[in-house]
Amino acid sequence: MNILITGGAGFIGSHIGDALIAAGHRVIVVDNLSTGRKENIPPQAVFYEADIRDREYMENIFSQEHIEAVYHEAAQTMVPYSLAHPWEDAELNVMGLVGILELCRRHTVRKFIFSSSAAVYGDNTRVPLKETEATTPLSFYGLTKCTAEAYIRMYHDIFQVPYVILRYANVYGERQGGNGEGGVVFVFSQALAQGKEITVFGDGEQTRDFVYVKDVARANVCALQANGTEGTYNIATNIETTVNALKEMLVYIAGTPTHVHYEPARSGDIYRSVLANTKAVQDLGWEPTTKLLGGLQQTYRYFAGEVGK
Ligand SMILES: NC(=O)c1ccc[n+]([C@@H]2O[C@H](COP(=O)([O-])OP(=O)(O)OC[C@H]3O[C@@H](n4cnc5c(N)ncnc54)[C@H](O)[C@@H]3O)[C@@H](O)[C@H]2O)c1
């Protein structure tokens with residue numbers, strides 16, 4: 001299949017590209033390199049350096065490359081930025097998305113796969129959260145993901161654009177940047193690799209559901225292959241890990257004693273976050289196979305190598 005990945009030079013998009021190429025697909029990447037890196041893009045992929053909001057340019061790509069499926073990863077991913085710049089956030093995450101959906105409709109794309117987020121749930125303590133829970137986001141970023149989901153469902157209901165929505169928990173792994181959602185693994189790994197102290201906000205007993213990026217990439221391939229699976233799925237491990245436990249594992253992996261500094265909790269930080277993955281396991285035939293310690297070892301090795309460059 002000819003598959004477009006928007007944001008394919010980014011952390012998650014580039015791993016999806018690797019997995020699709022390994023599965024025998026032809027991959028086309030559109031990325032403006034605002035946070036992504038050219039060296040992340042699989043060498044076999046066709047790359048266009050462009051902004052997804054350039055509608056004429058995108059129309060040409062859809063025509064020339066005969067796009068059959070789309071992974072939409074390009075987004076503004078920073079919660080604090082969304083609060084400081086709501087217009088820019090919505091312009092990319094909502095209007096940018098509508099532009100791509102419109103092209104999918106006109107070019108009769110066979111599947112549209114979207115990266116949504118645990119941010120749609122807000123601070124709901126009925127963990128592990130199922131997809132049926134209400135969406136009550138706490139940030140404009142979360143709100144753009146809810147709005148994007150609503151557009152995607154309506155494009156399906158009115159124009160029959162086939163879709164799968166994947167709500168990621170905290171994704172971590174090689175090529176991650178410090179700004180996005182799951183940044184704590186990046187921040188701790190980089191500090192350890194550089195011999196700096198670690199800062200923990202709050203008491204460190206807050207929990208997150210850390211899912212390894214290669215498992216997330218595999219979930220995306222499953223979402224393409226599975227038939228009759230239109231819908232919304234949590235992509236998560238269903239395992240709660242405290243920030244203190246994460247820090248202990250990374251300190252153990254790095255093998256260097258480090259000073260840990262505790263700061264007051266940041267306002268708006270959710271205390272417990274874990275998503276149920278039963279629906280994805282049943283309907284997509286996917287399950288996460290990477291244990292946290294193993295995934296962190298791969299990730300730390302990557303960041304230590306980057307620091308050494
Ligand atoms: N990292 C996580 O834990 C996490 C969790 C939930 C959801 N997500 C979602 O997954 C998707 C990918 O996130 P990521 O962590 O890989 O972030 P990332 O910043 O590494 O990737 C985003 C990519 O989009 C590109 N991009 C941004 N604006 C663009 C534009 N206007 N035109 C073209 N390209 C543009 C960037 O250059 C970058 O390569 C995002 O939609 C994000 O909201 C991520």
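Readers should treat all values here as calculations from the given coordinates under stated rules, not as data from a laboratory. Keep in mind the model is a prediction, meaning the values are calculated, not measured. In this analysis, Cβ positions are derived from the backbone assuming ideal geometry, glycine residues included, and neighbour counts consider all displayed protein chains.
The stretch 221-298 and the stretch 107-137 have Cα centres lying 15 Å from one another. Rounded to the nearest 5, the antiparallel percentage of DSSP beta bridges internal to the chain is 5%. Residue by residue, the stretch 29-45 carries 3J(HN,Hα) couplings of 10, 10, 7, 9, 6, 5, 10, x, 10, 4, 5, 6, 6, x, x, 6, 7 Hz when phi is fed to the Karplus relation 6.51 cos²θ - 1.76 cosθ + 1.60 (θ = phi - 60°); x denotes Gly or Pro. Taking a point 7 Å out from the Cα of Ala23 in the direction of its Cβ, the residues of the stretch 181-218 whose backbone N falls within less than 11 Å of it are 217-218. For the chain, count all C-alpha to C-alpha pairs, find those more than 37 Å apart, and express that count as a whole percent of the total. Tail of P(r) above 37 Å: 12 percent of Cα pairs. Applying 0.36 nm per residue to the separation of Glu248 and Asp203 and subtracting their alpha-carbon distance, the gain on full extension is 14.8 nm.
Note on the chain: dipole from Cβ charges, positive end direction compared against Asn32, Ile158, Gly285; the farthest Cα belongs to Gly285. Straight-distance candidates among the lysines for linking to Lys247, with alpha-carbon spacing under 18 Å and chain neighbours fewer than 8 residues away dropped: Lys196, Lys291.
For Val98 and Arg110, the difference between the fully extended length at 0.36 nm per residue and the C-alpha to C-alpha distance is 2.6 nm.
The aspartates and glutamates whose alpha-carbon is closer than 15 Å to the alpha-carbon of Lys130, local same-chain residues fewer than 8 away aside, are Asp209, Glu240, Asp283. For the pair Glu39 and Asn124, what calculated FRET efficiency results from E = 1/(1 + (r/R0)^6), where r is the Cβ-Cβ distance and R0 = 45 Å, to the nearest 0.05? Here the calculated transfer efficiency is 0.70. Sparsely packed loop sites in the stretch 134-237 (the GluC sites (Glu not before Pro) outside DSSP H, G, I, E and B with at most 11 other Cβ atoms within 10 Å) comprise Glu197. With R₀ fixed at 41 Å, the C-beta to C-beta distance from Thr278 to Ala304 puts the FRET efficiency at about 0.70. So how much slack lies between Tyr271 and His259, counting 0.36 nm per residue of separation and subtracting their Cα-Cα distance, in nm? Value of the extension gain: 2.0 nm.
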